[in-house]
Amino acid sequence: ENRVTGQFIQNTFSELEKSGFLSVSPPSGANETGSIDGTFFVRRLRHLQHLCQRYDRQIPQDVCSTEVIRGLLSGLHPTPAVGGFPKRKATEFIREYESTGFDRGFYSGPFGYIGRDSAEIVVAIRSGLWSKGGERPKLSVYAGAGIVPGSTVQGEWAETSYKLAVVSSIFPQSPITLQQAATPNVAWATAFIEELIRNGIAQFYICPGSRSTPLVAAIAKAVRSYVGVVRACSIHDERGAGFRAVGFARGCGRPAAIVTSSGTAVANLYPAVVEAGVDGLPLLVLTADRPYENRNTGANQAIDQVKIFSDSYLRWFRDILPPSDDIPVSVALADAAHAVALAKNLRGPVHLNIQFRENLAPDAGPIRNDDRSRSVTTYDAIKFTDSPAFQKWSLGGNRWLNVYAQETNARRFAVSDIGNLIAKSKRGIIVVGNLRKTGAEAGAEDISETIGLISSLAHATGFPIFASALSGVLRFESANVVPFAEHVLRSPIVQEKFQPDLVIQFGAPLVSTEICKVVKAATRDAAAKHVLVHPHQTSERADPDFTVSHNIDSDIGLFLRALTSFVDKIPPQRLGSELSHIVEIGKVVQSEMPKIVEKAATTTRGVKSGGAKLSEPEIVVALARAFMDTNTPESSLFLSNSMPIRDAEAFLYPMRTTSPSDGKICR
């Protein structure tokens, strides 16, 4: 191809020499490589390398350069790389057979200058078109490959992708909206593979089989999008693929992903899984599976793949239901992020078993091998992507979840990242769930000290605290706690105005449905962040609504001590929360709550309270008063499941006896 182009340039120069417009350069005109008139040399770029030739000519003194420009444009435009060769026959073929909607002008515009002493002209076989239509300006990037005898579709497409990467790598990635996906399989696999890549998976070993088609199609697309970054290798033998991935992990310390079809193909990975588990090598195993209706029925290529690998070697297993728009995209993204984090942090294999229904190919319409009436593949893109934070993930190119492991360096990065989020936040809140006491690390704080640190952080930042009944005595110890938050947050006015941009959660789980609703609603804003600080058990997740953006696996007391020191260095004018006034709203409710509870109980009983049984809220209010009584000996409170814990969540707060302005609390 390069030789054809070189001959084309020589022929054009020869015609201009015959006309007297050009003369041959003297030998001193050789370039820096010493190459002149057709000697090949290589020019290396980041994504590819060019095979080059150089031809030098001079413009005679008595010739006007504009005449040379006309001659060059007439002779060299379009080049064989764009228009084919021989020029006349290729042009006739293009005009007869090529679609009028395809404009080769985007690939062949000359750019540069010609002067008497020097010239520099390039042909835009890679170019961009900036257009101002619609709501946002649009930039289209073009690249192509020349077709010669022996060209293949795969080879030319690969060449085009590498060329395009040179230009497209300087621009942000296009949004991954999933709106044009043909099936739920396509949408799910596209999002899942993209999140794996964003979390550092750059090597895929793909084994043959049709059940894994959605995954393989998504990987093939990703390889073209991430040219030179993401690589995929087809391995015919699953056992060999497994050990290739083990070798990759052993060599660079990062996990690779193995993709297999269903059936006995999965069992062939067992030796590699055992070795990775024993030697502490990160590994990601992605196995396609038949849907549950085909299990234990004698269907082809259907064995029991659920936890097929022993927990002695595996760090985590997840059996994933067939993709459906009934399950939001956030689940797929969170699964991908969690899987990679565990493979890296726990140093071992992670197995995701993914059930796929037909159509496995990216085809909409009738479902393959299903003759029932109205058996058609459907996909509701709006429903599938209607998930908190998806828009930010789609537009931003960042990973769904930032995970910080239980190690000193990770905690240091986490403190810096969260401290900077606090400094930028205008409407931050603190949410406190079950404060798990670990005591596993040296210097780990006990619960009472942790409660004091949370209260100090809230005071320093101005963030209001929403404290669960599981948070110990925090409700009774901190002035920054929002009293009766469950009731305050049910107010339509509060719901309309209460929109946090930063939620810092200490401990899990949360009991309050209203607080969970607030967190979920807040993260629909692309700019909002949900930080979870929690000492996780091995492979534990504490993100039931898939809203967490920063997951910090740490003893809460240790992390708070470091975070408070960081916050103390932030200028006071950069701290504060516009939502702090909700504490005062809670105090108003607090002053009225005893009357409200008593009135409601009386109405329910239908008689005055003399001798009648107490209602559940009245019992909790009585407990709260007992806690506030200085004569009550120090004791613990055991709450049963179901209604008792829910009653405590709603009513177990300090009880005021007077207006909130005098600051007196019942003792």
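The values are calculated or read from the model by the stated rules, or taken from the named source; none is laboratory data. Keep in mind that what you see is a predicted model, and the values were worked out from it rather than measured. A quick note on method: Cβ atoms are made from the backbone with ideal geometry, for glycine too, and the neighbour counts reach across all protein chains shown. SASA here: full protein model, heavy atoms, side chains in, ligands and nucleic acids out. Shrake-Rupley method; radii C 1.70, N 1.55, O 1.52, S 1.80 Å.
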So for region 220-231 (the condition being crowded, with 18+ Cβ neighbours inside 10 Å, part of a helix (DSSP H, G or I), at pLDDT below 95 and in contact with a helix residue (DSSP H, G or I) (Cβ under 7 Å, 6 or more places away or on another chain)), does at least one residue qualify?
yes
Tally up the residues in region 301-319 that are of a type in the set (Lys, Arg) and either touching a Pro at 6+ places or on another chain (Cβ under 7 Å) or within 11 Å of residue 349 (Cα to Cα) (or both), please.
1
Scanning region 377-387 for residues that are surrounded by 12 or more Cβ atoms within 10 Å (Cβ to Cβ) and outside any loop (DSSP other than H, G, I, E, B), which turns out nearest to the chain's Cα centre (by Cα)?
385
Within region 282-305, restricting to residues that are among the hydrophobic types (A, V, I, L, M, F, W, C) and more than 22 Å from residue 192 (Cα to Cα), the one that is modelled with the highest pLDDT is 303
Out of all the residues in region 467-487, which are over 20 Å from residue 530 (Cβ atoms) and open to solvent by less than 40 Å² (accessible area, probe 1.4 Å)?
469, 475, 478, 483, 484
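Does any residue of region 232-247 turn out to be among the β-branched types (Val, Ile, Thr), in a loop (DSSP other than H, G, I, E, B) and modelled with pLDDT of 95 or more? Give the steps one after another, and end with the answer.
Our first condition is that a residue be among the β-branched types (Val, Ile, Thr); within region 232-247, this holds for 235, 246.
Next, from what is left, pick out any that are in a loop (DSSP other than H, G, I, E, B): 235.
Applying the additional criterion that residues be modelled with pLDDT of 95 or more yields 235.
Yes.
Could we say that residue 547 is touching a Ser or Thr at 6+ places or on another chain (Cβ under 6 Å), among the β-branched types (Val, Ile, Thr) and assigned to a loop (DSSP other than H, G, I, E, B) here? Working first, answer last.
Working: touching a Ser or Thr at 6+ places or on another chain (Cβ under 6 Å): yes; among the β-branched types (Val, Ile, Thr): yes; assigned to a loop (DSSP other than H, G, I, E, B): yes.
Criteria met by residue 547.
Find the strands (runs of 3 or more DSSP E) located wholly in region 252-350 whose residues include 2 or more that are farther than 30 Å from residue 406 by Cα and acidic (Asp, Glu), and list them. Quick ask: steps written out before the conclusion?
On the way: elements: 257-260, 283-289, 316-320.
Output list is empty.
Restricting attention to region 171-189, report how many residues are in a helix (DSSP H, G or I) and either more than 23 Å from residue 338 (Cβ to Cβ) or open to solvent by 30 Å² or more (accessible area, probe 1.4 Å) (or both). Talk me through it step by step, then tell me what you get.
Taking region 171-189 first, the residues in a helix (DSSP H, G or I) are 184-189.
With either more than 23 Å from residue 338 (Cβ to Cβ) or open to solvent by 30 Å² or more (accessible area, probe 1.4 Å) (or both) added as a condition, the list becomes 186.
Selection size over region 171-189: 1.
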Residue ID - nearest to residue 550 (Cα to Cα), chosen from residues in region 318-334 that are touching a strand residue (DSSP E or B) at 6+ places or on another chain (Cβ under 6 Å) and open to solvent by less than 20 Å² (accessible area, probe 1.4 Å):
320
Checking residue 638 against (1) closer than 23 Å to residue 472 by Cα; (2) at pLDDT below 80; (3) of a type outside the set (S, T, N, Q); (4) surrounded by fewer than 12 Cβ atoms within 10 Å (Cβ to Cβ): exactly one of these is not met. Which one?
(2)
Given the condition within 31 Å of the chain's Cα centre (by Cα), of a type outside the set (Phe, Trp, Tyr) and surrounded by 23 or more Cβ atoms within 10 Å (Cβ to Cβ), answer yes or no: does some residue in region 539-547 qualify?
yes
Pairs returned, first residue in region 340-364 that is closer than 16 Å to residue 291 by Cα, second residue that is part of a loop (DSSP other than H, G, I, E, B) and among the polar types (S, T, N, Q), beta-carbon separation under 8 angstrom, 6 or more apart or interchain, are 353/305; 356/212; 358/369; 359/183; 360/210
Filter region 192-207 down to residues that are more than 14 Å from residue 343 (Cα to Cα) and under 8 Å from the mean Cα position of the chain (by Cα), then give me how many there are.
3
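Hey, among 102, 106, 40, 111, which residue is free of Cβ contacts under 8 Å to residues at least 12 places away in the same chain, open to solvent by 40 Å² or more (accessible area, probe 1.4 Å) and under 30 Å from residue 226 (Cα atoms)? Reasoning before the result, please.
Details: 106 fails: free of Cβ contacts under 8 Å to residues at least 12 places away in the same chain; 40 fails: free of Cβ contacts under 8 Å to residues at least 12 places away in the same chain; 111 fails: free of Cβ contacts under 8 Å to residues at least 12 places away in the same chain.
Only one candidate passes the filter, namely 102.
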Which numbered condition trips up residue 159, out of (1) in a helix (DSSP H, G or I); (2) more than 21 Å from residue 395 (Cβ to Cβ); (3) touching a Lys or Arg at 6+ places or on another chain (Cβ under 9 Å); (4) not small (Gly, Ala, Ser)?
(3)
Within region 114-143, can you find the residues that are of a type in the set (A, V, I, L, M), open to solvent by 50 Å² or more (accessible area, probe 1.4 Å) and touching a residue at least 40 places away in the same chain (Cβ under 8 Å)?
121, 123
What tally of residues in region 282-297 results from selecting those that are in contact (Cβ under 8 Å) with a residue 12 or more places away in the chain and surrounded by fewer than 23 Cβ atoms within 10 Å (Cβ to Cβ)?
3
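Scan region 411-439 for residues that are of a type in the set (Gly, Ala, Ser) and either out of contact with any Phe, Trp or Tyr (no Cβ under 6 Å at 6 or more places or on another chain) or open to solvent by 50 Å² or more (accessible area, probe 1.4 Å) (or both) and jot them down. So that I can check it myself, show each step before the final result.
Just the residues of region 411-439 that are of a type in the set (Gly, Ala, Ser), to begin with: 414, 416, 419, 423, 425, 428, 433, 439.
Across region 411-439, the qualifying residues are 416, 423, 425, 433, 439.
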Quick check on my filter: what residues within region 335-362 are touching a Phe, Trp or Tyr at 6+ places or on another chain (Cβ under 8 Å) and either open to solvent by 10 Å² or more (accessible area, probe 1.4 Å) or over 23 Å from residue 245 (Cβ atoms) (or both)?
338, 342, 346
